[in-house]
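One structure below.
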Amino acid sequence: MSGFKWTLLVLFTAIGTACKHDNGDSLGAKDASVVDATTPRACPSMTFPNCRDGWCIIHAGAFQMGSPPDEWGRDLNSEDSIAVTLTHDFVIEQFELTQLQWSSLGRSPRFGQEDAGPQSVGACSATDCPATNLSWFEAIQFANDLSAKDGRPPCYALNGCAADGGPACGTVGPSTGTVYDCTGYRLPTDAEWEYAARAGTTTAFYSGAITPLDGGWAQCAEDQNLLKIGWYCANSPELFTHEVGLRAPNAWGLYDMSGNALEFSGDPDQGRSKRTPIDPWQAMAPTDDPVSRGGCVFQTSAQERSAERVGATRVTHTYATGFRLARTVLQNEPWTSSALPVPLRATCPPK
């Protein structure tokens with residue numbers, strides 16, 4: 001997303017005009033435990049053969065990254081359509097990383113309302129809520145720590161790090177070759193994230209096309225295709241995040257790829273057009289900031305599209321921003337899930 005578009009979003013959020021919609025699906029309670037208690041927890045109606053224990057394997061393939069010129073709400077500066085080929089299989093978390101998973105490596109639960117403006121906002125704190133209010137550096141350090149716990153190589157070489165509010169580091173790069181060469185845990189690349197989110201679709205959402213709004217991209221209104229799959233301003237008027245996995249997944253078994261929490265990727269926001277169309281990826285320079293994907297509870301329908309890209313910062317603890325991890329699976333490798341606790345929605349008995 002362009003800086004101008006992001007600035008306008010923050011302005012709309014701060015003055016309380018972007019998210020005033022309410023409907024029968026809204027959760028009006030401000031107490032996070034009440035919000036969680038009133039949300040249905042029925043098991044999913046489908047299972048996915050390529051997913052287990054909260055992880056899904058995504059096979060190598062080609063797709064059209066970005067959005068077509070006629071997609072309503074698209075960003076003119078960062079969504080040019082590019083034919084991309086990914087040559088490595090990878091596993092990715094089926095759900096956004098949860099509070100319980102974050103705490104399982106010795107971290108304190110992370111949620112809150114930093115950088116959210118003067119509205120009454122917050123993040124749910126139950127164990128299956130997404131861990132948010134995190135910095136990008138904290139996310140990659142978590143990935144390295146999980147790699148160590150599982151006996152895998154770290155994917156990030158961190159230098160000049162300080163532990164003041166999180167591991168802010170002077171430089172960060174791949175531990176070996178490119179991130180695709182590392183078999184430890186890492187953030188998905190920008191291309192991997194969109195490939196996984198689309199699950200073979202070419203529409204604005206994996207559930208279908210976006211409905212144009214006469215009021216422009218900053219208008220908060222219902223979109224029937226988005227309501228099926230994501231938490232955003234129209235069905236989250238209190239701007240709370242929600243427990244993971246409560247909306248419909250995509251065809252590959254991934255939940256919350258539109259809405260709920262924004263998700264850090266491993267690539268910088270700058271320079272997308274300069275990357276190779278085969279296994280695109282770019283190392284983070286000391287002055288680069290990462291890109292986040294997927295939209296969140298305080299954003300509008302245009303900002304929940306599969307092609308939408310949001311510039312983030314590396315050090316700031318950002319409200320409603322979390323992540324999901326990925327790792328490369330080598331050819332003929334029997335893939336395994338990590339030692340992380342499994343979210344409730346992934347523990348349903350097979351159909």
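The values are calculated or read from the model by the stated rules, or taken from the named source; none is laboratory data. This is a predicted model, so every value here is computed, not measured. Positions of Cβ are backbone-derived with ideal geometry, glycine not excepted, and every protein chain shown enters the neighbour counts. Keep in mind that these areas ignore ligands, DNA and RNA; they rest on the heavy atoms of the full protein, side chains included. Shrake-Rupley method; radii C 1.70, N 1.55, O 1.52, S 1.80 Å.
I need the full set of residues from the range 53-64 which are open to solvent by 10 Å² or more (accessible area, probe 1.4 Å) and closer than 12 Å to TYR195 by Cβ, in order please.
The initial filter retains those residues of the range 53-64 that are open to solvent by 10 Å² or more (accessible area, probe 1.4 Å), namely 53, 57, 59-64.
Selection gives HIS59, ALA60, GLY61, ALA62, PHE63, GLN64.
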*Could you list all residues from the range 209-245 that are open to solvent by 20 Å² or more (accessible area, probe 1.4 Å), at pLDDT 95 or above and of a type in the set (Asp, Glu)?*
GLU222
*Of the criteria (1) free of Cβ contacts under 8 Å to residues at least 40 places away in the same chain; (2) in contact with a His (Cβ under 6 Å, 6 or more places away or on another chain), which one THR328 fails*: (1)
*Give the residues of the range 66-96 that are among the hydrophobic types (A, V, I, L, M, F, W, C) and open to solvent by less than 10 Å² (accessible area, probe 1.4 Å), sorted by residue number.*
VAL84, LEU86, PHE90, VAL91, ILE92, PHE95
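When you scan the range 268-282, do you find a residue that is within 16 Å of the chain's Cα centre (by Cα) and either open to solvent by less than 10 Å² (accessible area, probe 1.4 Å) or not aliphatic (A, V, I, L, M) (or both), even just one?
Within the range 268-282, the first condition is being within 16 Å of the chain's Cα centre (by Cα), and the residues that meet it are 268-269.
Now drop any that are not either open to solvent by less than 10 Å² (accessible area, probe 1.4 Å) or not aliphatic (A, V, I, L, M) (or both), which leaves 268-269.
The answer is yes, given that some residue of the range 268-282 is within 16 Å of the chain's Cα centre (by Cα) and either open to solvent by less than 10 Å² (accessible area, probe 1.4 Å) or not aliphatic (A, V, I, L, M) (or both).
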*Residues in the range 251-262 that are open to solvent by less than 20 Å² (accessible area, probe 1.4 Å) and without any contact (Cβ under 8 Å) to a residue 60 or more places away in the chain: how many?*
1
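In the range 216-236, what residues are free of Cβ contacts under 8 Å to residues at least 60 places away in the same chain, at negative phi and assigned to a loop (DSSP other than H, G, I, E, B)? Quick ask: steps written out before the conclusion?
In the first step, residues of the range 216-236 are kept if they are free of Cβ contacts under 8 Å to residues at least 60 places away in the same chain; the result is 216, 224-225, 228-229.
Then drop every residue that is not at negative phi, which leaves 224-225, 228-229.
Residues satisfying the conditions are LYS228, ILE229.
Mind checking which residues of the range 137-149 are in contact with a strand residue (DSSP E or B) (Cβ under 6 Å, 6 or more places away or on another chain) and at pLDDT 90 or above? Spell out how you get there, then give the answer.
Going residue by residue through the range 137-149, those that are in contact with a strand residue (DSSP E or B) (Cβ under 6 Å, 6 or more places away or on another chain) are 137, 139-140, 143-144.
Within the range 137-149, ALA139, ILE140, ALA143, ASN144 meet the criteria.
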*Please work out if ALA248 is more than 24 Å from VAL342 (Cβ to Cβ) and open to solvent by 10 Å² or more (accessible area, probe 1.4 Å).*
no
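So how many residues does the range 64-86 have that are of a type outside the set (Gly, Ala, Ser) and over 11 Å from PRO277 (Cβ atoms)?
Number satisfying all stated conditions: 11.
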